[in-house]
Amino acid sequence: MKNTTYIFSILILLILNSCTGTKMVKQTSTEYNKLFSEEKRVIIDKETEIPYTGKYYKFDEKGTYLCKQCNAPLFRSEDKFDAGCGWPSFDNAINNAIKEIPDRDGIRTEIVCANCGAHLGHVFTGEGFTSKDVRHCVNSISMQFLPDNDRTTEKAYFAGGCFWGVEFYFKQSEGVISTTAGYSGGDVPHPSYNQVSRGNTGYAETVEVEFDPSKTTFEKLARLFFEIHDPAQTNGQGPDIGSQYLSYIFYTTVEQKKTSEKLIKILKEKGYSVVTKVTPLKNFWPAESFHQDYYSKTGKTPYCHIKTKRF
Ligand SMILES: [Zn+2]
C-alpha cells in the first residue's frame, strides 16, 4: 500500500513537471521548471557535472544564484570564491535556502534545495579556504544566475473581482509598464476561463502588474487596489459572485506582504471590514487573449469597479 502511494506521488510529480514552462518568478508547491536531460542527470539523479566545465565556475558577476528547478534564491555572488576545484564554491547560503543531508556514499554531506529537493552538490568544512571555513561545492547546472542589474522592474498580483476592471485601472497608473489579466491561487496548470468560472478551482481572476520601482511603489499600487474594489465584500465583487472573484493580494516578496498588512490595518482602523487575503503567489496563468485589455479594446467602461477614496 505504501509503495502504491509512493509510485502515485512520483507519477503526479512527473506529470506536473512535464506541464510547466520556464519562468523567473519563484513558484510555490510542485510547479517546477522543465529540466533537460543533462540537468535531470545532476538535479534528479544526483550525478556530478565534469569539473571545470560548468558555466558558473569562472564567473564573478554580481547577483543571485537561483535553483534551476524551482527558481528559489540559493546563493549570493558576494559569498562565491574560487576554491580551484572546478565547481562554483560559496562559503555561505541564503537563509533556509538549502538542506544538508547525508550523502548516499556514507561519507560526504549532500546539499539540496530546501524548497524542491533539487540536488545541488556537497558541503565541506575545515578546509580553511575562507574565514567562514565552509565550502558549498555546487554544480553550475543546478543553478540559474539572476544578475542584480536585471531587477529593474517588479511585479505585483492583485485579485479584486472581474479582471477587466482591475486591469483597466492599473493600466492607467503611473509607473506601470504592463498588465496581464490571468488566474492565480489554484493548482491545475493552464486553467481556462470556463474552468475558473465554475468557482471550484481555487483560482481567482488576478491582474499581474509589472512596474518600474523608480517611478512608483508597491504601496501606491496596493492603495489603488483597495480604492478600485470593495475589499469588504465577502462573496465576490459587485454583481460577480463566486470564489473566483474574491479579494487577494498575492505577494512575491516579504516587503509586499508587510505593506499589504499595514494597509489593511489602516483600513480596519478606519472602520472597513477588509476581507482581502494576503497570501504568497501561487501560480499565475495569463487569461485568454479575449480578456486582455478588455476595456481599451472595446471602448466600454468597467461595470463593477469604481474608484472610491478610502485612505
Ligand atoms: Zn529548488
Running a GNM on the chain with Cα contacts under 10 Å, which residue among Cys85, Cys113, Cys67 ends up with the highest mean-square fluctuation? Cys85
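Counting only helical runs of four or more DSSP H residues, what would the 222 nm mean residue ellipticity of the chain come to if each run contributes -39,500 (n - 2.57) and the total is spread over all its residues? Intermediate values should be presented prior to the final figure.
On the way: 7 runs with 70 residues, N = 311.
Estimated from H runs of four or more residues: -6500 deg cm²/dmol.
With charges set only on the Cβ (+1 for Lys and Arg, -1 for Asp and Glu), what does the dipole of the stretch 99-186 come to about its Cα centre, in debye to the nearest 20?
Approximately 120 debye in magnitude.
What percent does the relative contact order of the chain come to when contacts are Cα pairs within less than 8 Å and at least six residues apart? Walk me through the numbers before you get to the answer.
Details: 633 pairs, mean separation 48.6, N = 311.
Relative contact order for the chain comes out at 16 percent.
Pull out a ≥ b ≥ c, the square roots of the eigenvalues of the alpha-carbon gyration tensor of the stretch 23-149, then state rounded if a/c is under 1.5, prolate if not and a/b is larger than b/c, and oblate in the remaining case.
Numbers: a/c = 1.44, a/b = 1.19, b/c = 1.22.
Verdict is rounded for the stretch 23-149.
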Which pairs break 32 Å Cα to Cα here: Lys68/Lys262; Lys171/Lys268; Lys55/Lys277; Lys80/Lys155; Lys55/Lys215; Lys155/Lys265? Lys68/Lys262; Lys55/Lys277; Lys55/Lys215
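For an R0 of 25 angstrom, estimate the FRET efficiency from the Cβ-Cβ distance between Asp105 and Ser37 and round to the nearest 0.05. Working shown, then result.
Numbers: r = 24 Å, r/R0 = 0.95.
That gives a FRET efficiency of 0.60.
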Working only with C-alpha atoms, what are the Rg and Dmax values of the stretch 242-287, expressed in angstrom? 12.0, 36
Residue separation times 0.36 nm, minus the C-alpha to C-alpha distance between Asp133 and Glu174: what's the value? 9.9 nm
Ordering of 225-231, 248-254, 56-62, 268-274 by burial proxy (mean other Cβ atoms within 10 Å per residue, highest first): 225-231, 248-254, 56-62, 268-274
Once both label points are put 7 Å beyond Cα along the C-beta direction, the Thr153-Thr234 separation in nm becomes 3.9
So if the hydrodynamic radius of the chain is defined as the Kirkwood radius over C-alpha pairs, what does Stokes-Einstein give as its diffusion coefficient at 10 °C and 1.306 mPa s, in µm² per second? 74
For helix 254-269, report the angle its Cα long axis makes with the longest principal axis of the Cα atoms of the chain; keep it between 0 and 90° and round to the nearest 10°. 30
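Residue separation times 0.36 nm, minus the C-alpha to C-alpha distance between Tyr193 and Glu61: what's the value? Display every interim value, and only then the final one.
Details: separation 132, 0.36 × 132 = 47.52 nm, distance 4.21 nm.
Stretched fully, the Tyr193-Glu61 segment lengthens by 43.3 nm.
FYI, it's all coordinate maths here, none of it is from the lab. Nothing here was measured: the structure is a model prediction, and the numbers come from that model. Cβ: placed from backbone, ideal geometry, glycine included. Neighbour counts: every protein chain shown.
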